[in-house]
Amino acid sequence: MKDSYTLYDSVYTMLMGDVLSVRLDSELEKKLALLMRKKRIVDKSAYVRHLISRSLTDDLLDYLAGEVMMRRMSSWRAAEIAGIPLRSMLRELATRRIEMYDEKALEEDISFAEGE
């Protein structure tokens, strides 16, 4: 580990964020090389960052959908954490077949509408 940091180190960290080193097994490396060749991608780091970002977004949405399904979090809060509009979060929940409107909620709405 470095004992002292230069101005370059500080600026690089501020602009680029933390550095993560990852070892890819030969299968992943082959898939990555194939996609980069077919898509004509030249910046491997940028492409891997893009893939990680997509994967993390999907994993976060899966986690938040589970929290909403278990009624530990509202759809509104899940949307806020995900950084997406509520309508998009509701669409994500529907895609995952998570029902937001159960029988109890329906009965409460009917009672309210009937003025009970």
Those residues of the stretch 1-41 which are modelled with pLDDT of 95 or more and part of a loop (DSSP other than H, G, I, E, B), in sequence order: Arg40
Filtered residues of the stretch 41-62 (kept if under 17 Å from Arg96 (Cβ atoms) and surrounded by 14 or more Cβ atoms within 10 Å (Cβ to Cβ)): Leu60, Leu61
Every residue from the stretch 46-105 that is on the phi > 0 side of the Ramachandran plot and of a type in the set (Gly, Ala, Ser): Gly83
The stretch 73-116, subset at pLDDT below 90 and of a type in the set (Gly, Ala, Ser), residue surrounded by the most Cβ atoms within 10 Å (Cβ to Cβ): Ser75
Any pair with Cβ under 6 angstrom, 6 or more apart, that starts in the stretch 53-69 at a residue that is within 14 Å of Thr95 (Cβ to Cβ) and ends at one that is not hydrophobic (A, V, I, L, M, F, W, C): Leu61/Glu92; Ala65/Arg96; Val68/Ser75
Subset of the stretch 65-90 (residues that are in a helix (DSSP H, G or I) and of a type in the set (A, V, I, L, M)): Ala65, Val68, Met69, Ala78, Ala79, Ile81, Ala82, Leu86, Met89, Leu90
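The values are calculated or read from the model by the stated rules, or taken from the named source; none is laboratory data. Because the structure is a prediction, the values reported are computed rather than measured. Every residue, glycine among them, receives a Cβ derived from its backbone with ideal geometry; neighbour counts consider all protein chains shown.
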